[in-house]
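The values are calculated or read from the model by the stated rules, or taken from the named source; none is laboratory data. Every value quoted in this text rests on a predicted model; they were computed, and no experiment measured them. Cβ placement follows ideal geometry from the backbone for every residue including glycine, while neighbour counts extend to all protein chains displayed. Ligands, DNA and RNA are excluded from the accessible area calculation, which covers all protein heavy atoms including side chains. Shrake-Rupley method; radii C 1.70, N 1.55, O 1.52, S 1.80 Å.
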Amino acid sequence: MKKARWKLLLAGLALLGGISLGQNIISANTTIRVGTYNLRAPKKNDTNKQKDLLENDQVEIAGTQEINYKNHRFSGKSKYNTLTNFKDDYFKNIFYSNAINFAGGGYGIATVSALPLQDSKTVKLYSSEAGKHLQKLKRAYREYNPDKKSTVKNLDKLTAKYGKKLVEHRVYQRSVIEKDGKKIAFYNTHLSYESTKIRQKQFKALAKAMRKDKTPYKVLVGDFNADQNTTEWKTFKKNFNITNGKDGIWRDTFIGEDPTMNVNSIDNIITSKNISISNIHTIKSTASDHVPLVADLTFK
């Protein structure tokens with residue numbers, strides 16, 4: 001009888017401790033530090049400094065936006081790649097997605113991660129309501145070279161003539177990461193600044209993709225350019241948690257000057273409901289016209 005009671009006691013303690021006899025220990029809640037950071041493409045930035053901001057804050061995975069990818073954005077014979085200084089012994093894994101063919105190369109977004117990336121893919125988002133101008137814009141972007149004045153003038157003329165009717169192509173990217181046996185679908189995007197109407201279509205497309213995603217945990221980061229009001233986020237509020245705006249606290253992540261913007265809390269980290277968000281903060285810096293937005297995400 002004593003032996004039987006002892007076995008029952010051990011079994012009870014094992015269950016209370018989150019394990020079962022004869023099986024592996026079940027991992028406790030898993031926390032990952034996640035970030036999003038717009039790197040500002042029109043300027044040749046100190047990308048080592050930008051990388052260090054994330055790395056020194058121990059961000060494990062981040063979405064980055066406004067990536068110059070092997071293009072002639074800046075004067076000189078050599079092509080420029082924002083990501084050259086990002087890949088190191090910490091951020092070993094980088095996935096780039098091209099949104100626009102630009103200046104003999106690309107312009108887009110990238111996920112930088114200390115964790116291995118699996119099943120990475122790029123998906124196009126609805127981006128244009130002015131198709132008749134799109135071919136002109138594509139050509140002007142593709143041929144742009146600051147050392148060829150005619151290409152600069154051509155883009156300037158288009159911008160002056162059509163303004164925000166020139167809607168840039170947008171994409172989102174999805175990768176899967178794994179920690180403590182938990183799989184997380186990680187999305188990164190950069191939405192249209194030109195039109196609230198277009199953004200709402202993009203918001204809905206992203207929310208739909210995440211709802212249909214069968215991966216247990218979902219995280220979406222990016223520069224959403226929701227710069228007119230904070231009510232644009234209502235698309236996500238029912239089925240997801242939002243970081244910027246959590247508990248009614250909005251953090252300015254755009255630190256530049258733009259008179260057309262009503263709010264500067266345009267970067268965000270959005271999660272499925274089975275993820276809790278804590279330690280929300282921005283990293284003070286002038287390395288870009290945005291600051292990194294960072295949060296600890298706990299996967300239950």
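Quick notes on this one:
- When the alpha carbon gyration tensor of the range 104-241 is reduced to an equivalent ellipsoid, the three semi-axes, largest first, read 32, 19, 11 Å.
- Rounded to the nearest 0.05, the FRET efficiency derived from the C-beta distance between Ile283 and Met261 at R0 = 30 Å is 0.90.
- Surface/4 estimate of mean projected area, convex hull on alpha-carbon atoms of the range 258-300, nm²: 4.0
- Accessible carbon and sulfur surface of the chain relative to its total accessible area, %, 1.4 Å: 51
- Shape of the range 188-265, Cα gyration tensor, a/c cut at 1.5: prolate
- R0 of 41 Å, Cβ-Cβ distance Gln135-Asp180: FRET efficiency to nearest 0.05: 0.25
- Take the Cα radius of gyration of the range 36-94 and divide it by 2.2 N^0.38 Å, N being the number of residues; the result is 1.12.
- Amide H to amide H, with H built 1.01 Å from N, Gly222 comes under 5 Å of Thr189, Asn268, counting only residues 5 or more places away or on other chains.
- Average accessible surface for the range 135-204: 51 Å² per residue, computed with a 1.4 Å probe over protein heavy atoms with every protein chain in place.
- Solvent exposure ordering (accessible area, 1.4 Å, most first) of Thr31, Thr47: Thr31, Thr47
- Debye-formula intensities of the range 216-300, expressed as log10 I(q)/I(0) at q = 0.14, 0.20, 0.21, 0.23 Å⁻¹, are -0.47, -0.91, -0.99, -1.16 (one equal scatterer per alpha-carbon, no solvent).
- Per residue, the range 46-132 exposes 47 Å² of accessible surface when a 1.4 Å probe is rolled over the protein heavy atoms with every protein chain present.
- Taking the three principal axes of the alpha carbon atoms in the chain, the coordinate ranges are 94, 39, 32 Å, sorted in descending order.
- Computed [θ] at 222 nm, deg cm²/dmol, the chain (DSSP H ≥ 4; -39,500 (n - 2.57); rounded to nearest 500): -7500 deg cm²/dmol
- Amide H partners (placed H, <5 Å) of Arg73, local residues excluded: Tyr80
- The range 62-130 shape via C-alpha gyration tensor axes, a/c threshold 1.5: oblate
- Residue-wise HN-Hα couplings along the range 255-268, as the Karplus relation 6.51 cos²θ - 1.76 cosθ + 1.60 with θ = phi - 60° gives them from phi, are 10, x, 10, 8, x, 7, 8, 9, 9, 10, 8, 9, 9, 8 Hz; Gly and Pro carry x.
- For the chain: relative contact order, % (alpha-carbon pairs under 8 angstrom, 6 or more apart): 19
- Accessible surface, 1.4 Å probe, highest first, among residues Arg33, Arg199, Arg139: Arg139, Arg33, Arg199
- Anisotropy class of the range 41-168 from Cα gyration tensor, a/c 1.5 cut: prolate
- For the residue pairs Lys51/Lys238; Lys70/Lys197; Lys138/Lys197; Lys70/Lys148; Lys204/Lys246; Lys49/Lys138, the alpha carbons lie more than 25 Å apart in Lys51/Lys238; Lys70/Lys197; Lys49/Lys138.
- Scattering from the range 95-174 was approximated by placing one identical point on each alpha carbon and applying the Debye formula without solvent; log10 I(q)/I(0) at 0.17, 0.18 1/Å stands at -0.74, -0.79.
- Protein-only accessible surface order, largest first, of Trp233, Trp250 at 1.4 Å: Trp250, Trp233
- Stokes-Einstein diffusion coefficient of the range 178-219, Kirkwood radius over Cα pairs, 10 °C, 1.306 mPa s, in µm²/s: 136
- Computed 3J(HN,Hα) for the range 201-214, one whole-Hz value per residue from the Karplus formula 6.51 cos²θ - 1.76 cosθ + 1.60 where θ = phi - 60°, is 5, 5, 4, 5, 5, 5, 4, 5, 4, 5, 5, 7, 5, 8, glycine and proline marked x.
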